[in-house]
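The values are calculated or read from the model by the stated rules, or taken from the named source; none is laboratory data. The structure presented is a predicted model; accordingly, all values stated were derived computationally and were not measured. Backbone-built Cβ (ideal geometry, glycine too); neighbour counts: all protein chains shown.
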Amino acid sequence: MSPIPNKHRDMLSTDRQVVAVPRNQAILAVVLRYRTAPLLPAVLVALFGLAALIHPSFGAFDVQSLALVALPLALAAVAQTAVVIGGGIDLSVGSLMAVSNVLAARSMQGASLSETCLLAVAVVVVGTACGALNGLIIIASGVPDVVVTLTTGFIWGGVALLILNQPGGGAPEEFVALGAGQLWPWIPNALLLLLAVVFFIWLPISRTRLFLGIYAVGSDRTAAFRSGVDVVRSVAASYAIGGLFCALGGLFLVMTTGIGSPLGSAHYTLSSIAAIVLGGVSLTGGRGQVFGPVLGAYILSFIPAILIFFEIDPNYGEVIQGGLIVGIVMAAGSLKLKGRSIQ
Amino acid sequence: MTKAPILNVSGLAKRFGKVVALQSASLSVAPGEVHALMGANGAGKSTLVKVLTGALRGDGGTILLNGEERSFRSPREAREGGIVSVYQDPALVPDLSIRDNFRVAGVDFDKGRPWFAKFGLDRLDPGMRAGDLPLAKLRMIDLARALASDPLILLLDEITASLSADLAELAFRAVRRWRDMGRSIIFISHRLAEISSICDRATVLRDGRTVGVIDPAAGHETDIVNLMLGRATDGLDDRPSDPSEMKPLNATNHMEVRGLSVGYRLRDVSFALRAGEVLGVAALEGQGQHELFECLSGLRAPDSGRILRQSRPVAFRHPADAIDAGIVLVPADRTEALLPHRSVRENVTLPDIRKVGSWAKLSLVADRTRAVRATAELEVDTRAESEVRQLSGGNQQKVVIARWIASGFEVLLCYDPTRGIDVGTKRQIYTLLRKMAAGGASVLLYTSELAEIRIACDRALVMFGGQIVGEVPASRADEAELLQMAHGIVSTHGTPAS
């Protein structure tokens, strides 16, 4: 083989970075990479501004109620994020939250605070186990995740009704106050709890090699397998982590509502998907961070309030959520098609 | 080789249902050697590799690694046991950074740095997303990662496929250095020249058995091919058909291309494709050939320039337009053209469903007849005809060609059609291309193996940097000459394109 002079070496490589990419394509590339995530804080601030503008009495109370509404949804979104990053989807998020919610509310009623804490840990363990079960069924059966989690969702839903057939139960006041209270005016406990969960539970987990394996499996299963990632363990772990956050969401529901409700959590499944799509998590897996979905949950929780301010039927909220999912997924798809022409 | 082998495989068997992939494969690799694993497609090579790397479990036989009997249940276990592989398609996760790709495999990134330097990748930002890098770089990174994990056995599976010559040379240097450090490498390639230049010994598989261990030094090519095919063949280098050299120059043009451009990738390319010729395109990786074929097959609209069929300009908005104009594509990646879960018949007659009304009845009998005729003509091994994905790569490629033979065409675009295909099938495909040209069709053939231009083509265009830099008749298209031109070095013999 003839030696190749150095000056030709650069020309041989088909490096994308070597060639200057036109500006609009560079923007497109950024959008493709990070999707909606950079926009979300601005959207949230704009929503606050809008609320304050049309509703002059908008204040600490409204922030508090927003935080209360957003807390369980944010947890559902975080749960969904773990699963979707791993390349799956969990349609049992709402029902699993309901199970944890009624389990907690029924067992904690009349318990002491220390017992309550132990029970809370037990509920988290149960939720994690249910999530892991989802993952194991998917792997062992080879049945698509949508089908499996839709089915287990029905099962969890039935179990929730068996535990508590109507809204009821309760928890010690101190425990409820942990979530429903307000440490300082304008700073709701619900927000602090959420931040605590994100920083002290999600972030440490997401920096483990196990979670890196989840990202890898979601991005390219074959490459991950060949790189030595244990695919079975990663998929099971992604659903187990999802179950963990569902359980936390169910516990927080006890705090924010004071009771357990077997049917009150079903909508969290669709909303969690809306929140992660809004939060820039790729539904095809492998991409996404936690802050986007959390902000997405806040934005989605804001929509009914804004609708009420405008004196529009808040039931349009569901319509808007569904529309957002379809719209964003479609936009992402068409951007991807455009992006292909860059490459 | 008096040293105890580091890897000793004996009596390995593996069957899939009724299909026996391996019956009694053996392989013995000594410390400090580069050992080639050879065999035609379907010989059981890839099954052996999968069993060695833990992707599949063998049904019988033993694997002794360092004297210990081992059996791996996953690539992870194989990695931990000391067998690390690099494949044709790199095992890097697109959404992870380079550094995280090391971390996810449990390899220390700093150990990869010296290899990065040797591969000219030292200026690469380890925070870059793997999916943003070109294939060639990914493969070098994958190789660096494998070396950094310090394996007992490094398994390289077709790593030079579509790697540019200079990168391939860097990879070879790394392999030799690794060998000189007393390490062992299993090397799999379809390019005999590579094997004879780099490998110390070769194990040849046929029909799931090890049929010989030989010295693959240059000059033994015919023996190797005979051993692989189990029958005597003539040398590889002569043309499969009669070398009735030059086609009459006044033959009609089947297709003409004028000033075709796509961004900076393809710049002002013009040429004519005559009736009855096989026109080669010789180029290193990424010199615009991909974009050229995409434009011609209707997969992409050019930014400027025209395509003429029978002197009339045509514009394709969809591959169907190109097919209607008689221009059909055989892509390198069979899965781009085939429906993997459908039968051979359905895959062959797929283009014809457009000729039938949406609610009209398909004539399965007629379909069947045509499919059988086309597959028989191409000698497709149809033992697994109910699902195309079960065929070997070479047979899949033949199904793609059979499809176009069955539905008719005038211009056949072949984009590296023999990538990853064994020598025997390669020969059959080239014979077929010549036969079609002799029947009046035109073939535009891009192949990443320059040596094949002379075997299959009448003349060749050489592309470099998105442009056609030269045209050579097949008689003068020897590898060295083409390689020089493909590197953009002006040749003293070749006629520059006007």
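Please verify whether B:P90 is modelled with pLDDT under 90 and surrounded by 22 or more Cβ atoms within 10 Å (Cβ to Cβ), treating the condition exactly as stated. Here the answer is yes, as B:P90 does meet what is asked.
Looking at (1) in contact with a strand residue (DSSP E or B) (Cβ under 9 Å, 6 or more places away or on another chain); (2) away from every other protein chain (no Cβ under 14 Å); (3) among the aliphatic types (A, V, I, L, M), which is the only condition B:L284 fails? Status for B:L284: all satisfied but (2). Pick out the one residue from A:G153, A:G242, A:G170 that is at pLDDT below 95 and either crowded, with 18+ Cβ neighbours inside 10 Å or not charged (D, E, K, R) (or both). Step by step, each of A:G153, A:G242, A:G170 is checked, and only A:G170 is at pLDDT below 95 and either crowded, with 18+ Cβ neighbours inside 10 Å or not charged (D, E, K, R) (or both). Would you confirm whether or not region B:48-58 contains a residue that is modelled with pLDDT under 90 and surrounded by fewer than 17 Cβ atoms within 10 Å (Cβ to Cβ)? Yes, region B:48-58 has at least one match.
Within region A:93-122, being surrounded by fewer than 24 Cβ atoms within 10 Å (Cβ to Cβ) and in a helix (DSSP H, G or I) holds for A:R106, A:S107, A:L113, A:S114, A:E115, A:T116, A:C117, A:L118, A:L119, A:A120, A:V121, A:A122. Within region A:218-258, the residues that satisfy the criterion of being hydroxyl-bearing (S, T, Y) and either outside any helix (DSSP H, G or I) or within 14 Å of another protein chain (Cβ to nearest Cβ) (or both) are A:S219, A:T222, A:S227, A:S234.
Which one is nearest to the chain's Cα centre (by Cα) among residues in region B:113-156 that are among the basic types (K, R) and either away from chain A (no Cβ under 13 Å) or over 15 Å from B:A168 (Cβ atoms) (or both)?
In the first step, residues of region B:113-156 are kept if they are among the basic types (K, R); the result is B:113, B:118, B:123, B:129, B:137, B:139, B:145.
In the following step, the residues that additionally are either away from chain A (no Cβ under 13 Å) or over 15 Å from B:A168 (Cβ atoms) (or both) were identified as B:113, B:118, B:123, B:129, B:145.
Numbers: B:R113: 30, B:K118: 26, B:R123: 30, B:R129: 26, B:R145: 23 Å.
The extreme case among them is B:R145.
Only one of the numbered conditions (1) at pLDDT 95 or above; (2) of a type outside the set (S, T, N, Q); (3) part of a helix (DSSP H, G or I) is not met by A:D90, and that is (3). With respect to (1) buried (at least 22 other Cβ atoms within 10 Å of the Cβ); (2) part of a helix (DSSP H, G or I); (3) in contact (Cβ under 8 Å) with a residue 40 or more places away in the chain, the lone exception for B:T431 is condition (1). The sole residue among B:R334, B:R312, B:R300 that is on the phi < 0 side of the Ramachandran plot and in contact with a strand residue (DSSP E or B) (Cβ under 9 Å, 6 or more places away or on another chain) is B:R300. Here region B:469-489 is the region considered, the condition is being at the interface with chain A (Cβ under 10 Å from one of its Cβ atoms) and within 21 Å of the chain's Cα centre (by Cα), and the residue that is modelled with the highest pLDDT is B:A486.
The single residue among B:A376, B:A371, B:A366 that is surrounded by 13 or more Cβ atoms within 10 Å (Cβ to Cβ), more than 30 Å from B:E256 (Cβ to Cβ) and among the small types (G, A, S) turns out to be B:A371.
Evaluating A:G181 against the criteria (1) in contact with a helix residue (DSSP H, G or I) (Cβ under 8 Å, 6 or more places away or on another chain); (2) closer than 22 Å to A:V232 by Cα; (3) not hydroxyl-bearing (S, T, Y) leaves one unmet condition, (2).
Listed by first and then second residue, the pairs with beta-carbon distance under 7 Å, at least 6 apart or on different chains, first residue in region B:395-423 and under 25 Å from B:K355 (Cβ atoms) and assigned to a helix (DSSP H, G or I), second modelled with pLDDT under 90 and among the charged types (D, E, K, R), are B:Q396/B:R334; B:Q397/B:R334; B:V400/B:R334; B:I405/B:E377; B:A406/B:R370; B:S407/B:D352.
Residue check: is B:R258 assigned to a strand (DSSP E or B), at pLDDT 90 or above, surrounded by 15 or more Cβ atoms within 10 Å (Cβ to Cβ) and charged (D, E, K, R)?
Working: assigned to a strand (DSSP E or B): yes; at pLDDT 90 or above: yes; surrounded by 15 or more Cβ atoms within 10 Å (Cβ to Cβ): yes; charged (D, E, K, R): yes.
Here the answer is yes, as B:R258 does meet what is asked.
Determine whether A:L73 is at pLDDT 90 or above and either acidic (D, E) or outside any helix (DSSP H, G or I) (or both). Taking the combined requirement at face value, the residue does not satisfy it.
Checking each residue in region B:157-186 for being among the hydroxyl-bearing types (S, T, Y) and either within 11 Å of another protein chain (Cβ to nearest Cβ) or closer than 30 Å to B:P331 by Cα (or both) picks out B:T160, B:S162, B:S164. Residues in region B:52-101 that are touching a residue at least 24 places away in the same chain (Cβ under 8 Å), closer than 22 Å to B:A4 by Cα, away from chain A (no Cβ under 14 Å) and touching a strand residue (DSSP E or B) at 6+ places or on another chain (Cβ under 6 Å): B:G61, B:T62, B:I63, B:L64, B:L65.
When B:D132, B:D142, B:D166, B:D157 are checked against the criterion of being crowded, with 18+ Cβ neighbours inside 10 Å and free of Cβ contacts under 8 Å to residues at least 12 places away in the same chain, B:D166 stands alone in meeting it.
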